[in-house]
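**Q** This structure is in structure tokens; I'll ask about it shortly.
Just so it is clear, none of the values below were taken in a lab; they were calculated from the coordinates. Not measured: the values here are computed from a predicted model. Quick reminder, even Gly has a Cβ in these numbers, built from the backbone with ideal geometry, and neighbours come from all protein chains shown.
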């Protein structure tokens, strides 16, 4: 029997004597729950000494203090010994504290420092919404995260476990907490880890960018190491009781309705005292963890996407997503570049070097141009405009101005007329303003609107 049970002969004899003393049958023992058995064994134990009872009064206080940075069991023992010089030595102190932790919270074996880690997971079970018009049922994933020290919990229903939804849920959680922990601890799901490893898992590129935006680190749990995420696994089990169960008989038609109901249940869960303690997740968060979180950035994160492009001879790339052109320094003409874009900005890289950043513009076939990006002769061309040519002509004379306006108005597109205007205005270098203005008057009378006809007009007037 000792081999089958993995227990010593003396231990087995002790258990048999115990049940005989209470006159329990094997049927009665097998019908008892673990809690009932535990309670029964405790009644057989000797009463606790006054010294132990005194020490146990400090344990809830020690439990909170150990979550603070720099606080150790040895430090707390020294404080205890100062008040009780005849108290337990350090080894006994540690032993009785471990026993108390096992009793009040059997799954909590780690004491996490305040503001250190946020543990992240999805529940195995799902919540659902019903289409108001078709009656179609849509299952939703349920995101759960807890701060390691206070176990302050955030829950949200989302469309999927894909990268966009996963990051959006974490971001909502950070703004719910009002701060950022030192590290994010996700499971090895695809949205977080592209290649799992016991030592150096490869984190999703977008998730890394998100973490950099919030100035935090990503520490994925080790594959098949449940102890690494025991705290959030325990939170999931509790959420089934305190969120899933209360919502089971309610019908929701939209995700926002469901999440509103979840948020209404969270204060009750977070304010409920821990077993064997006089404080709750919320009180721990407010007291020791909230002020240890790093401040949130000024702006929320925008998910970035990627594309490739070639720099055209006009120092622009064509961004096919929006059918828009963006400039970059002209000495990169002909090179293949990487485009990183979000909802508000377009970044252009070459071999990991950031070349330029443009505000994202969705004007089809429009140009976003920075003058310094273009060669000197291209800059001059890019500065052409109808207003510039009209102002130039007005300096020459009223007839010249009228001719330029006439040319600009009759072309289908202003840029089609710019070269014609430039050709006319350049005549002032040869003949001067007065002669050119007179020639423009003669050209207007004849209906001449090209440099060729204007040149003929100047010749017949004897000005060339």
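**Q** Output the Kirkwood hydrodynamic radius of segment 117-292, Cα pairs only, in Å rounded to one decimal.
**A** The Cα-based Kirkwood calculation yields 16.9 Å.
**Q** Also: Would you mind telling me the antiparallel percentage of the DSSP bridges in segment 305-378, rounded to 5?
**A** 90 percent
**Q** Please arrange 306, 279, 88 by how many other C-beta atoms lie within 10 Å of their C-beta, fewest to most.
**A** 306, 279, 88
**Q** Sort 407, 120 so the one with the fewest other Cβ atoms within 10 Å of its own Cβ comes first.
**A** 407, 120
**Q** Order these by the 10 Å Cβ neighbour count, fewest first: 364, 441, 48.
**A** 364, 48, 441
**Q** Let me ask something else. Calculate the length of the line joining the C-alpha centroid of segment 132-172 to that of segment 49-90, in whole Å.
**A** Here the answer is 40 Å between Cα centres.
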